Amino acid sequence: MAGSIATTQAWQVQLWHHIAEIAKWCWEFRVDKLGYRSDIDGLRAVAVMGVLMFHAGFSMFPGGYVGVDVFFVISGYLITHIIRREIEVTGSFSFLDFYARRIRRLFPALVATVLACLILGFLLFTPQYYERLGMSSISAVFSFSNFLFWSQSGYFDAESDLKPLLHTWSLSVEEQFYLFWPLLLLVLVKFVPRGKLVLMFAVGALSLACSIAYLETDPSGAFYITPLRAYEFAIGAFITWVPNRFGNAAKEILLLIGMVMIAVPMLSYDLQTPFPGLAALIPCIGAALCIYAGKARVTGKLLRNPLAVKIGIISYSLYLVHWPIYVFYSNYVLRDISIVEKIGVILFSFFFGFLLYSLVEVRFRRRATDGAGKNNFKVFSSYLAASALLAFPSAVIYASNGFEWRVPEKIREAIANIEEKRIDTWKYVRGPGSPGQQPFNDTEKSNVLVIGDSHAKDYFNVLYLSEEIRESIEPRMLTMDEACIYMFAINKSPQPQERQPEGRCENMVDNFFDDNRVQSADVILYSTQWQSSALQYIDQFIASLRDVTDAELVIMGRAAQFRPVPDLIADFGRLSGADVKLWESRQTDIDDLNEEVQRAAERNGVEYFDKLPLSCNVARQRCDVIDEKGRLLYLDGHHLSLEGAHFMGRKVAESSLLKLLH
C-alpha cells in the first residue's frame, strides 16, 4: 500500500512538472524573432473576453459580440504587416508558405474541436441536431460555415444554442479573406505603390457601403458574408502604413480613446442593434487605435499586463472551445443556467482552451527543420488527409439522419421530420393564394386580423384549423415583426409621401398601411416574440393602429419558451412525465417580460391575453408536450406544430380569448 501511494505521489509530481514546463514553453514560444508585440495579445484578450461574457449570458456585456470585429481588425493588421514585410525584404511573396503557415496556425486546433463536438454530439444530441452538426462539421473544416449558417438563419436566433460550431463562421470569414487579400496586396504594393492606400480605402469603403445596404434587406447576409466584413480587415491593414510619428503623450490619449471605443459597444450594444454596418465602425476604429498606440508607456500597461497577455496568447483555442462547452452543457441540463454555472463554463473554457493551445495548437505551429518546399507538401497533404478523414464520418452522420437509431422508436416517431413539419406550418399564410392572405369576405363573422411574426403564424393556424372557432370567426394574417415596430415611432402617419419604402421593416410598414384588411378588421390580434427593447415603441404602434382602424386591439403576451422539445423528450427517453420536464425547462424571465407587455396594454387601454395558461397548467406545474395521439405539439422550444395548433385551438375555444375576438 505504501509503495502504491508513493508511486501515485511521484506520478502527480511528474504531471505537475510537465504542465509547468508546457506553460513555460508556451509563454516563451510567443517571443517572435521579427518583433513580438505583447499589447496585441492583450487586445486579443479584450476581444475574447467580450465574446465569452456575451455568449455566457452576462447582462453587463450585451454587445460583447463586437469582440469578433476586434479580432478581424487585428487579423487585417497582422496579415498585411507580414505580407508587406516579406515583399519589401525579399521582393517577392510565397503564397504556398503563407497558406502553409495559416494551416499550421488554425487547422489542427479546429480539427480537434470539431472531433470533440462530434463525440459529444453523439452522446447528447437528438438525431435532428446531430444531423445538423454533421453538416456544420463539414462546413467548418472546409471553411464555408458562414454561408451554411447564413442559409439557416440569423446568428442570434433561438436555435443558435444548439449549434456548437456556430462560432466557426468567423473563422470561415477570416480564411476566405486570406484567399483574396494577399493577391490584392501584392498587386497594390508592386504595381500601384503610390496609390495603394487610396485603393485600399476604396475597397474598405465599398465593403462598408454594401454592408449598410444589406442591413436593410438581408441583415444575416450583412453579418455573415465575407466581402461585407472586408472593411473591418481593411481598417487593420490601413494601420500598417500609417506613420508612427506621434509622441508618447498622444499615444496615451489615442490608446485610451481606442479602448473606450471598444468598451462602450460591448456594454451598450445588444441584439437589436443594427449590426455590423456603421455600428461596427466604432469598435473597429477603436481596435485600430489600440494597435497604433499600443506601445504607450502608461496606458499600454492595460494591454501589456501579464494576465491580459497570457489570455491573448491562448485566445484562439479559448475561442474555439468556449461555445461548444456552453452549448453542450446547456443541452445537458435542459434549462437556463445559473450565474454560478456561467462562471463555471468560463473557467472550464479557460482550462480546455489552455490544453488545446499547449497540446495541439502550438505544437503544430512550430516550423519543421527540413526544407520549406518539402515541409509545405507535408502541411498541405496532412490538411487534405485530415479534412477527408473528418468529413467522411460527418457526411455519414448527415446522410443517416443523425444516427436516429440512438433513440427509442416511439420517441423517434414523435420527433421525425421536424423540418418538413416546420415548413408545413407556413402553408396557410404564405403566398397570395393562401387562406391567411385573402381579403375578408364574410360579414356574418368576426373578422380577425392576426398581425405579427412566426408566433402570429402559429395563432393564425390555431384559429384557422379549429372548425369550432371558424363558425364565428374569419381569421387572416399580416406580417409585422416586433423588431420593426420602432418604425412607427419614426413614421406614424399613413400618408405615402411621408414614407420611404426601403428595406425589410419599411416594406412591412408599407404593407401595413396599404392593406385594406387593417381598416376592415373587427379585431386585430397582435402576437409576437416580444423583446424588452421593442416595448418602448408599443405606444406609437397602438396609436398608428387607432389612426387607421376602428378594430378592437388584443395584445398577446410572449409564448412560453422551453428547451427545444424534440431534444428534451429524446434526452428524457420517454413521453410519460415529459410534461413535468417541460415545465422545469421553462424560461421564467418571460413572465417578467409579459408583465411589461400587460402594463403597456393597460396603459393604452387595449386588451391583453396571456398565452401561458394555454400551454401549461400553472397550478400543477406541467406543460403539454403531445396530443392524445402522441404527436408533438412543438417543433422547437416555442413554435407550434400543426398538431399543436389543433390542440391549442380546442383550448382557445374554451378560453376568454374567444370572447375577446368577437
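The values are calculated or read from the model by the stated rules, or taken from the named source; none is laboratory data. Remember, it's a predicted structure, so these values are computed and weren't measured experimentally. Please note: Cβ atoms are built from the backbone with ideal geometry, for glycine as well, and neighbour counts cover all protein chains shown. All accessible areas refer to the heavy atoms of the entire protein, side chains included, with ligands and DNA or RNA removed. Shrake-Rupley method; radii C 1.70, N 1.55, O 1.52, S 1.80 Å.
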| remark: Cβ pairs under 6 Å, 6+ apart or interchain, first in region 63-90 and free of Cβ contacts under 8 Å to residues at least 60 places away in the same chain, second of a type in the set (Phe, Trp, Tyr), ordered by first then second residue, are Glu86/Phe93
| said: So, Val192, is that one over 34 Å from the mean Cα position of the chain (by Cα), over 25 Å from Phe107 (Cα atoms) and among the β-branched types (Val, Ile, Thr) or not? | reply: yes
| said: Give me the residue from region 527-550 that is part of a loop (DSSP other than H, G, I, E, B) and more than 30 Å from Tyr269 (Cα to Cα) and, out of that set, least open to solvent (accessible area, probe 1.4 Å). | reply: Thr549
| query | Which of the residues belonging to region 169-185 are aromatic (Phe, Trp, Tyr) and either touching a Pro at 6+ places or on another chain (Cβ under 9 Å) or more than 18 Å from Arg104 (Cβ to Cβ) (or both)? | reply | Trp169, Phe180, Trp181
| Test result for Val298, in the same structural domain as Phe223 (by the TED database), open to solvent by 10 Å² or more (accessible area, probe 1.4 Å) and within 30 Å of Leu115 (Cα to Cα) | no
| Taking region 489-506 on its own, how many of its residues are more than 14 Å from Gly452 (Cα to Cα) and modelled with pLDDT of 75 or more? | 1
| Enumeration of residues in region 454-481 that are open to solvent by 20 Å² or more (accessible area, probe 1.4 Å) and over 22 Å from Arg650 (Cβ atoms) | Thr479, Asp481
| query | Counting just the residues of region 225-240 that are assigned to a loop (DSSP other than H, G, I, E, B) and of a type outside the set (S, T, N, Q), which one comes out nearest to Met200 (Cα to Cα)? | reply | Arg229
| query | In region 241-287, how many are buried (at least 20 other Cβ atoms within 10 Å of the Cβ), more than 22 Å from the chain's Cα centre (by Cα) and part of a loop (DSSP other than H, G, I, E, B)? | reply | 0
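Kindly check whether there is at least one residue in region 164-171 that is assigned by the TED database to the domain that holds Phe392 and either open to solvent by 20 Å² or more (accessible area, probe 1.4 Å) or in a loop (DSSP other than H, G, I, E, B) (or both). Walk me through it before giving the result.
So the first thing to find is which residues in region 164-171 are assigned by the TED database to the domain that holds Phe392, and the list is 164-171.
Imposing the further condition that a residue be either open to solvent by 20 Å² or more (accessible area, probe 1.4 Å) or in a loop (DSSP other than H, G, I, E, B) (or both) reduces the set to 164-165.
For region 164-171, residues assigned by the TED database to the domain that holds Phe392 and either open to solvent by 20 Å² or more (accessible area, probe 1.4 Å) or in a loop (DSSP other than H, G, I, E, B) (or both): present.
One line per residue, one yes/no per condition, for (1) more than 25 Å from the chain's Cα centre (by Cα); (2) within 20 Å of Phe350 (Cβ to Cβ):
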site	(1), (2)
Gly50	no, yes
Phe54	no, yes
Pro62	no, no
Phe71	no, yes
Ile87	yes, no
Ser92	yes, no
Phe95	yes, no
Arg101	yes, no
Arg104	yes, no
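Considering only helices (runs of 4 or more DSSP H) fully contained in region 551-662, which possess at least 1 residues that are under 20 Å from Phe460 (Cβ atoms) and open to solvent by less than 40 Å² (accessible area, probe 1.4 Å)?
Working: elements: 565-572, 578-584, 589-603, 612-615, 642-653, 656-660.
Correct list: 589-603, 612-615, 642-653, 656-660.
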| Taking Phe364, is it at pLDDT below 85, outside any loop (DSSP other than H, G, I, E, B) and open to solvent by 90 Å² or more (accessible area, probe 1.4 Å)? | yes
| Among the residues listed as Val68, Val46, the single one being open to solvent by less than 20 Å² (accessible area, probe 1.4 Å) and closer than 22 Å to His167 by Cα | Val68
| Does Ser338 fit the bill of being in contact (Cβ under 8 Å) with a residue 40 or more places away in the chain and not aromatic (Phe, Trp, Tyr)? | no
| task | Kindly check whether there is at least one residue in region 516-526 that is modelled with pLDDT under 85, open to solvent by less than 20 Å² (accessible area, probe 1.4 Å), within 33 Å of the chain's Cα centre (by Cα) and within 15 Å of Ile451 (Cβ to Cβ). | result | no
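Out of the residues in region 325-342 that are in a helix (DSSP H, G or I) and touching a Phe, Trp or Tyr at 6+ places or on another chain (Cβ under 9 Å), which is nearest to Leu120 (Cα to Cα)? Walk me through it before giving the result.
Initially, region 325-342 is screened for residues in a helix (DSSP H, G or I), giving 325-333, 339-342.
Okay, now just the ones that are also touching a Phe, Trp or Tyr at 6+ places or on another chain (Cβ under 9 Å), so 325, 328-329, 331, 339, 341-342.
Numbers: Ile325: 10, Phe328: 7, Tyr329: 10, Asn331: 11, Ile339: 24, Glu341: 19, Lys342: 19 Å.
Per the stated criteria, the residue is Phe328.
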| query | Does Ile212 satisfy the condition of being surrounded by fewer than 21 Cβ atoms within 10 Å (Cβ to Cβ) and over 18 Å from Ile83 (Cα atoms)? | reply | yes
